[in-house]
1. Work out which trypsin sites (Lys or Arg not before Pro) in the chain are exposed loop sites (DSSP not H, G, I, E or B, at most 16 other Cβ within 10 Å) and give the longest gap free of them.
2. Mean Kyte-Doolittle of at least 0.0 and a Cα length of 15 Å or more along the axis: which whole DSSP H helices of the chain meet both?
3. Suppose a student asked you for the relative contact order of the chain, using Cα pairs under 8 Å spaced at least 6 residues apart; what percent would you report?
4. Let me make sure I get this right: for segment 3-220, a, b and c are the square roots of the gyration tensor eigenvalues over alpha carbons, sorted descending. Under 1.5 in a/c it's rounded, otherwise prolate if a/b > b/c, else oblate. Which is it?
5. Please say if segment 103-145 is rounded, prolate or oblate, where rounded means a/c under 1.5 for a ≥ b ≥ c the square roots of the C-alpha gyration tensor eigenvalues, and otherwise the choice is prolate for a/b larger than b/c and oblate otherwise?
6. For segment 149-196, which GluC sites (Glu not before Pro) are in a loop by DSSP, counting at most 15 other Cβ atoms within 10 Å?
7. Taking a ≥ b ≥ c as the square roots of the eigenvalues of the Cα gyration tensor of segment 107-228, is the shape rounded (a/c under 1.5), prolate (a/b larger than b/c) or oblate?
8. Distance cut-off 22 Å, Cα to Cα: go down the list Lys37/Lys91; Lys41/Lys97; Lys5/Lys37; Lys37/Lys220; Lys37/Lys92; Lys37/Lys97 and report the pairs above it.
Amino acid sequence: MQESKLPRHVGLIMDGNGRWAAKRGLPRSFGHNAGMKRMIKLAGHAQNLGIRYLTVYTLSTENLTRPKEELDGLYTLFRKYFAKNVKTLYKKNAAVKVIGSLDELPQDVARLLRDGEKNSPEGAAFTLIFAINYGSRAEILRAVNLAVERGEKLGAEEFARLLYTNGVSDPDLIIRTGGEIRLSNFLTYQAAYSELYFTDVLFPDFTDAKFDRAVSEYGKRDRRFGNI
Ligand code: IPE
Ligand code: IPE
Ligand code: MG
């Protein structure tokens, strides 16, 4: 694919894990486990394609209202998979970044994530960005409050530096699996000119080939950014 037709930053709303499990008569946690494994493979695939940033919506601020046992299951998955897979990423010169507020997460999980970010290689070719306890409204409010503390009016570039996504280009393409046609508080400020792609496929079934289809559809879009 021509480089200009390849999205530099892809946002991925990984929805449908619970329904994937329910369809098989399994508890929701099985869907999250399958989704986590799929995400890890997909990240490697995205890097191989030459994508620069992949942001995976892992937990929204609103998801923290889910039953404790489901959240505990999700945290356990992080404990199980994160450290090991981060090492594999580093070996491929890939970095990890976290967007969202870690303060509300179990301390050990928060530490895993912070260390994953901190120990990332400099000048990485690819960055896997975990949106965890992330919500656009909270992100924007936080930035506004930081700006107020400074007591100066900010331009667009300075404002963008106060967002969690500081230093990351806006998403070119946002993919949502699982059939819902909404953003659910994901990168709404940064998505002003993103191309959107929705599929009914439940996330654990979202294969590399299906990801390629989304990327190829993106390549056919005419991005005008308000121009003619
Ligand atoms: C997305 O899958 C993963 C998280 C929100 C953690 P869901 O858990 O929302 O799955 P469905 O939408 O209920 O099928
Ligand atoms: C969005 O999925 C959040 C993540 C995928 C992490 P949800 O399942 O929480 O979204 P809604 O509630 O259907 O909007
Ligand atoms: Mg859902």
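1. Working: sites that count: Arg8, Arg24, Lys92, Lys153, Arg161, Arg182, Arg221, Arg223, Arg224.
Here the longest run is 25-91.
2. Helix filter hits for the chain: 136-150.
3. Over the chain, the number comes to 30 percent.
4. It comes out rounded by the Cα gyration axes.
5. oblate
6. Values: sites: Glu149, Glu152, Glu157, Glu158, Glu180, Glu195; in loops: Glu152, Glu180.
Within segment 149-196, the qualifying GluC sites (Glu not before Pro) (loop, at most 15 other Cβ atoms within 10 Å) are Glu152, Glu180.
7. Working: a/c = 1.81, a/b = 1.27, b/c = 1.42.
Taking the square roots of the gyration eigenvalues as a ≥ b ≥ c, segment 107-228 is oblate.
8. Exceeds cut-off: Lys5/Lys37; Lys37/Lys220.
The values are calculated or read from the model by the stated rules, or taken from the named source; none is laboratory data. Owing to the predicted nature of the structure, the values given are computational and were not obtained by experimental measurement. Please note: Cβ atoms are built from the backbone with ideal geometry, for glycine as well, and neighbour counts cover all protein chains shown. These accessible areas exclude ligands, DNA and RNA; they are computed on the full protein's heavy atoms, side chains included. Shrake-Rupley method; radii C 1.70, N 1.55, O 1.52, S 1.80 Å.
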